[in-house]
Amino acid sequence: MIVAAESRRLNTRHRASPRARRLLREAGLAEPDAPGSGPEGRILGADVESFIASAAQNATASDRRNDPAGPDPADRPAAGVAVFMAVEVDFFRIDRVRQSAAAPLGCLPFVARAVVDGLAAFPYVNAQVGEQTVHVTSPVHLGVTVDSAAGGLVTPVVREANSLRLASLAQRIATLTDRAQADDLEPADVEGATFTVSDCGPHGTMLTAPVLGSAQVAALGLGAVRAKPVAVVREPGEYVVAVHPVGTLGLSFDQRAIDTGYAAGFLDRVRGALEARDWSTEL
Amino acid sequence: MAQLTYREAIARGIAQEMRRDESVVLIGEDVAAAGGVFKGTVGLLEAFGPKRVRDTPISEQAILGAAMGAAMTGMRPIAEIMFSDFFAVCWDILANQVAKSRYMTAGQMSFPLVVRAGNGGGLRFGAQHSQSVENWMMAIPGLKVVVPSDARDVIGLLAAAVRDPDPVVFLEQKALYPVRSEVPDGEIVDTLGTATVRRPGGDATILALGNMTPRAVEAADELARSGIECTVVDIRSLVPLDTRTILDEVSRTGRVFTVEENPRLCGWGAEVVSIIGEEVFWDLDGPPVRITTPHIPLPAADALEDAAIPSAERIVSTIEKTMNP
Amino acid sequence: MAARTRDDAPVSAGVVDVPLRTRLALYRCCVELRLFEQRAYRMFMEGLVKGTSHLSIGQEAIAAGFGVAMRPDDYTFATYRGHAHTLARGVPMTPVLAELLGRENGLMKGKGGSMHLTSVEHGVMGSYAIIGAHLPIANGAAWSAQYRGTDQVAVCFFGDGTTNIGAFHEALNFAVIWRLPIVFVCENNLYMEYTPIHHVTAVEHPAADRAGAYGLDPLIVDGNDPDAMYAAASLTLARARAGEGPSLIEAKTYRHGGHSRADPGKYRPDDEVQNWLARDPLPMYRDRLLDIGATAAELDGIDTEVEALVNRAAEEARAGAEPGADLVMTDVWADGGSAWRN
């Protein structure tokens with residue numbers, strides 16, 4: 001008797017139902033690529049619940065166990081075996097967006113945001129190393145290394161950075177930076193980072209291998225973003241030279257916890273987000 | 001405990017309140033000597049006398065006006081409008097006068113009155129004697145609106161309505177008049193603004209009102225056989241609305257269906273679904289679905305009226321197709 | 001005593017036993033109503049009175065006649081042309097004027113406006129802006145008095161246009177069959193808003209000629225004669241109090257101004273207007289009082305006192321604060337609030 005409305009074309013930006021998106025957000029996870037059980041492959045709440053359960057069980061190497069109790073302080077290693085890899089990032093799209101923001105932003109908040117998303121897809125990067133275990137944390141407590149008032153470096157922590165979008169993240173970072181420079185940080189402000197980002201741009205250096213904190217699996221450094229010639233595809237197979245702002249991301253990581261393939265995947269994900277995402281939607 | 005029909009419960013509820021409070025009186029067309037055209041007020045004239053139970057002429061404006069004037073001067077009248085369709089005849093008194101006078105006079109006047117009417121279709125009375133008008137009432141600020149779905153609720157909600165200091169529209173579902181159910185003995189008083197969960201279920205939430213509540217329960221039992229477990233919430237009170245219960249039950253399952261006897265546009269479910277979208281959007285696992293009578297006047301013939309008003313079968317098939325596309 | 005008649009000419013009073021004291025009260029009431037309405041008109045022209053206003057200049061004798069005759073616990077129901085009926089029950093001028101100005105010290109704190117003046121404390125049970133609606137409602141108040149056995153009476157004022165609306169007919173029939181203690185008073189000022197009443201009415205006397213249809217006696221009274229109105233009021237109130245049921249009065253009168261403040265009343269023929277202005281109730285009544293022994297000093301004294309009252313009310317109304325926005329959400333329900341959900 002009643003004519004059912006035609007179902008509209010699937011909104012490709014959000015394939016998950018509102019409930020599913022909330023559950024993903026609370027778990028700090030990105031939308032899975034696999035289709036869900038809903039109409040036209042939409043992801044439903046139940047799909048996310050099983051996804052979370054299986055993500056907790058996945059291990060990237062056979063001799064690692066996810067210990068829910070966390071690393072035993074007694075078995076923290078003396079020093080990590082750090083490996084370094086780097087990738088160049090074209091900040092062209094970000095540059096246009098960041099300058100049009102109400103208060104112009106630096107590149108660091110964008111990097112922080114892309115990192116947070118990357119960590120959702122590569123959870124083992126957001127982890128601590130024990131003697132026999134790797135402890136994956138669900139929320140991202142993002143350490144941001146800045147110059148302190150005393151002249152050294154200090155790393156205040158943005159807690160639950162995975163629940164913040166770009167504007168809020170930028171604001172939190174700015175607030176913590178100001179307090180660091182005013183020597184106004186509490187001990188609680190610098191504890192508990194699960195991943196660290198350093199902005200070495202102000203020092204003008206191209207590339208830095210960040211030092212890993214004790215038990216930290218990985219840390220990222222952002223080099224200076226400078227105008228450089230790049231090859232831009234005008235038509236398939238045809239390149240022209242353009243001048244774009246380019247910076248380098250350097251990742252130091254503990255090879256006992258993740259291997260180069262996994263680390264490279266994470267770096268590539270971050271680069272991809274920085275170069276290709278439509279950041280204007282977050283401002 | 002007793003087995004009482006919905007219509008018997010009306011007389012019992014009115015009597016309960018009239019015994020308790022001398023200022024409670026009943027007026028309407030054929031309510032006294034004849035005991036009501038639907039036999040809902042049988043025995044009241046005999047029990048309370050002609051001063052307290054009075055027949056009126058066919059004068060809906062005069063009936064509601066009398067109730068309003070009496071209420072503003074210390075009485076607690078119950079006025080009957082025979083068919084809820086007839087509210088269109090005296091709409092000025094209800095919507096412009098009763099609903100607004102307390103506000104306009106900055107609280108100088110109160111209107112502790114109840115207007116009861118026979119609401120809804122299913123009896124082949126045709127388009128002008130079968131409407132469900134709860135959504136008209138809901139749309140006017142200053143009116144409380146309740147719709148009981150069984151005998152016990154008739155008594156409990158009527159008592160609550162009579163005792164309430166504000167004007168309450170009490171819509172009785174004509175199709176439910178002969179339905180018998182268990183009613184406890186003694187005084188029954190309910191609370192306005194409370195919905196009742198008739199049946200629990202984790203897969204979907206059905207919100208229903210009046211005659212649609214028993215149909216929703218029937219549909220839910222049928223759906224359970226195919227593995228779809230539904231919660232059925234009997235809304236009972238449109239104003240005040242028990243949003244807390246409604247939103248809790250919708251959040252729990254993430255899927256919501258309304259079953260409304262009123263025509264499609266601006267039915268009570270439209271408002272409820274709008275609130276759901278605003279306040280528990282992030283708990284929804286799929287779009288809200290409204291199952292309503294289409295936007296047409298009601299036809300008279302058996303097969304036609306049954307095809308128009310939501311049936312248990314239509315509820316089952318809609319929910320099945322939505323949950324398992 | 002007003003006589004029953006079917007003639008065109010309204011009957012004037014020659015009333016015998018209204019004591020001077022009462023007549024002075026009637027005079028005073030008329031002066032209050034006149035000066036108040038004139039002040040309201042001026043303030044409307046100044047842009048202080050909001051929305052619209054329906055003045056009863058010229059019709060004071062009707063409100064005064066009943067106002068003086070009614071008991072404090074009787075009920076008044078009026079239309080949107082209700083300033084006079086409100087004041088005639090003893091409601092102070094300041095809150096009435098402040099309500100017209102939309103101020104917080106208004107009779108209804110600015111929530112209702114000119115058309116809905118209400119003071120339950122003084123028995124003014126509302127002024128109603130939908131033509132005819134208050135007749136059935138007034139019946140309800142009368143029924144309530146009857147039920148409670150208090151011998152209060154409800155008096156319901158309305159215009160000639162009301163006699164053609166459904167609610168008028170329902171209410172009259174209802175009042176008669178339930179034998180309610182109510183007086184229906186039709187103020188026939190010859191115009192239904194902008195249209196002459198005789199163009200739109202099937203009978204000559206819009207109220208009196210309908211009385212018989214409901215088993216009532218026709219009662220036509222000179223609405224410009226305070227004594228005649230007082231006498232008619234006393235008669236019909238006593239009848240109601242004695243349990244003899246309703247009355248319907250048709251009071252012939254004329255409004256000096258337009259239907260509402262927006263209306264200059266140009267649709268009325270000049271000679272008609274001049275004719276009625278010459279029968280202005282106030283100077284006529286003043287002359288009568290002087291004839292029967294009141295002194296000019298007494299009457300001037302009343303005039304001056306009332307002038308001072310109106311001046312003070314205007315000051316106090318102007319000084320009233322704008323109502324706070326928190327009032328918007330109050331008093332939908334008896335608990336003082338407006339919540340429709342939890």
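The values are calculated or read from the model by the stated rules, or taken from the named source; none is laboratory data. Quick caveat, the model's predicted, so the values are computed rather than measured. Note: ideal-geometry Cβ built from the backbone for every residue, glycine included; neighbour counts use all protein chains shown.
I'm told C:Gly293 meets every condition in (1) within 14 Å of chain B (Cβ to nearest Cβ); (2) on the phi > 0 side of the Ramachandran plot except one. Can you identify the failing condition by its number?
Of everything listed in (1) within 14 Å of chain B (Cβ to nearest Cβ); (2) on the phi > 0 side of the Ramachandran plot, C:Gly293 misses just condition (1).
Okay, residues lined up against (1) under 30 Å from B:Asp21 (Cα atoms); (2) under 17 Å from the mean Cα position of the chain (by Cα):
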{"position": "C:Arg89", "(1), (2)": "no, yes"}
{"position": "C:Ile130", "(1), (2)": "no, yes"}
{"position": "C:Ile137", "(1), (2)": "yes, yes"}
{"position": "C:Ser144", "(1), (2)": "yes, no"}
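With the checklist (1) buried (at least 16 other Cβ atoms within 10 Å of the Cβ); (2) modelled with pLDDT of 95 or more; (3) not basic (Lys, Arg) in hand, flag the one item C:Asp73 doesn't pass.
Just one mismatch for C:Asp73, condition (1).
When you scan the stretch A:148-164, do you find a residue that is in the same structural domain as A:Arg113 (by TED's automatic domain parsing), touching a His at 6+ places or on another chain (Cβ under 6 Å), in contact (Cβ under 8 Å) with a residue 12 or more places away in the chain and not in a strand (DSSP E or B), even just one?
yes
If you go through the stretch C:154-165 one residue at a time, how many are part of a helix (DSSP H, G or I) and surrounded by fewer than 20 Cβ atoms within 10 Å (Cβ to Cβ)?
Count: 1.
Is there a residue in the stretch C:22-37 that is touching a residue at least 24 places away in the same chain (Cβ under 8 Å), part of a loop (DSSP other than H, G, I, E, B) and not aromatic (Phe, Trp, Tyr)?
Taking every residue of the stretch C:22-37 in turn, none turns out to be touching a residue at least 24 places away in the same chain (Cβ under 8 Å), part of a loop (DSSP other than H, G, I, E, B) and not aromatic (Phe, Trp, Tyr).
Could you list all residues from the stretch C:135-159 that are more than 8 Å from chain B (Cβ to nearest Cβ) and on the phi < 0 side of the Ramachandran plot?
Of everything in the stretch C:135-159, those that are more than 8 Å from chain B (Cβ to nearest Cβ) and on the phi < 0 side of the Ramachandran plot turn out to be C:Gln146, C:Thr150, C:Gln152, C:Val153, C:Val155, C:Cys156, C:Phe157, C:Phe158, C:Gly159.
Can you tell me which of (1) in the same structural domain as B:Ala15 (by TED's automatic domain parsing); (2) under 12 Å from the mean Cα position of the chain (by Cα) is the one B:Val239 doesn't meet?
Every listed condition holds for B:Val239 apart from (1).
Can you report the number of residues in the stretch A:101-155 which are at pLDDT 85 or above, among the hydrophobic types (A, V, I, L, M, F, W, C), surrounded by fewer than 23 Cβ atoms within 10 Å (Cβ to Cβ) and closer than 12 Å to A:Thr196 by Cβ?
1
Of the residues that make up the stretch B:115-135, is at least one farther than 23 Å from C:Trp178 by Cα and touching a Pro at 6+ places or on another chain (Cβ under 7 Å)?
Yes, because at least one residue in the stretch B:115-135 is farther than 23 Å from C:Trp178 by Cα and touching a Pro at 6+ places or on another chain (Cβ under 7 Å).
In the set B:Ala95, B:Ala33, B:Ala70, which member is outside any strand (DSSP E or B) and touching a Phe, Trp or Tyr at 6+ places or on another chain (Cβ under 6 Å)?
The unique qualifying residue is B:Ala70.
Could you pull out the residue among B:Ala71, B:Ala79, B:Ala32 that is without any contact (Cβ under 8 Å) to a residue 60 or more places away in the chain, under 26 Å from B:Val189 (Cβ atoms), small (Gly, Ala, Ser) and crowded, with 24+ Cβ neighbours inside 10 Å?
Result of the check over B:Ala71, B:Ala79, B:Ala32: B:Ala79.
From the list C:Gly337, C:Gly301, C:Gly265, C:Gly258, which residue is free of Cβ contacts under 8 Å to residues at least 40 places away in the same chain and touching a His at 6+ places or on another chain (Cβ under 8 Å)?
That would be C:Gly265, the only listed residue that is free of Cβ contacts under 8 Å to residues at least 40 places away in the same chain and touching a His at 6+ places or on another chain (Cβ under 8 Å).
For the stretch C:297-340, give me each residue that is surrounded by fewer than 13 Cβ atoms within 10 Å (Cβ to Cβ) and within 14 Å of chain B (Cβ to nearest Cβ).
If the condition is that a residue be surrounded by fewer than 13 Cβ atoms within 10 Å (Cβ to Cβ) and within 14 Å of chain B (Cβ to nearest Cβ), then C:Gly324, C:Asp326, C:Val328, C:Met329, C:Asp335, C:Gly336, C:Gly337 are the ones that fit.
Among the numbered criteria (1) closer than 19 Å to B:Asn211 by Cβ; (2) buried (at least 22 other Cβ atoms within 10 Å of the Cβ), which one does B:Pro297 miss?
Failing condition for B:Pro297: (2).
Can you tell me which residues in the stretch B:284-309 are touching a helix residue (DSSP H, G or I) at 6+ places or on another chain (Cβ under 6 Å), within 11 Å of chain A (Cβ to nearest Cβ) and under 20 Å from B:Thr253 (Cβ atoms)?
Passing the criteria: B:Leu284, B:Asp285, B:Val289, B:Arg290, B:Ile291.
Can you say whether B:Leu64 is facing chain C (nearest Cβ under 9 Å), surrounded by 24 or more Cβ atoms within 10 Å (Cβ to Cβ) and not charged (D, E, K, R), as far as the supplied structure shows?
yes
Only one of these is in the same structural domain as B:Arg152 (by TED's automatic domain parsing) and in contact (Cβ under 8 Å) with a residue 40 or more places away in the chain: B:Val256, B:Val272, B:Val179, B:Val250. Name it.
B:Val179
Which of the residues belonging to the stretch C:243-289 are of a type in the set (Asp, Glu) and within 16 Å of C:Ser56 (Cβ to Cβ)?
C:Asp263, C:Asp280
Just checking, does the stretch C:38-56 include any residue being assigned to a helix (DSSP H, G or I) and under 15 Å from C:Asp225 (Cα atoms)?
The answer is no, given that none of the residues of the stretch C:38-56 is assigned to a helix (DSSP H, G or I) and under 15 Å from C:Asp225 (Cα atoms).
Regarding the stretch C:174-191, can at least one residue be identified that is free of Cβ contacts under 8 Å to residues at least 24 places away in the same chain, within 14 Å of chain B (Cβ to nearest Cβ), out of contact with any helix residue (DSSP H, G or I) (no Cβ under 6 Å at 6 or more places or on another chain) and closer than 27 Å to C:His122 by Cα?
no
Just the residues that are surrounded by fewer than 20 Cβ atoms within 10 Å (Cβ to Cβ) and not in a loop (DSSP other than H, G, I, E, B), please, taken from the stretch B:121-149.
Once the filter is applied, which keeps residues that are surrounded by fewer than 20 Cβ atoms within 10 Å (Cβ to Cβ) and not in a loop (DSSP other than H, G, I, E, B), the stretch B:121-149 yields B:Ala127, B:Gln128, B:His129.
Would you please name the residue that is farthest from A:Met206 (Cα to Cα), looking only at residues in the stretch A:243-263 that are polar (S, T, N, Q) and touching a Phe, Trp or Tyr at 6+ places or on another chain (Cβ under 9 Å)?
The extreme case among them is A:Thr260.
Name the helices (runs of 4 or more DSSP H) wholly within the stretch C:66-153 that hold at least 2 residues that are touching a residue at least 40 places away in the same chain (Cβ under 8 Å) and out of contact with any strand residue (DSSP E or B) (no Cβ under 9 Å at 6 or more places or on another chain)?
C:93-100
Can you tell me which of B:Asn262, B:Asn211 is touching a Phe, Trp or Tyr at 6+ places or on another chain (Cβ under 8 Å) and away from chain C (no Cβ under 14 Å)?
Unique residue meeting the criteria: B:Asn262.
Do we find that B:Thr41 is facing chain C (nearest Cβ under 7 Å) and in contact with a helix residue (DSSP H, G or I) (Cβ under 9 Å, 6 or more places away or on another chain) in this structure?
No.
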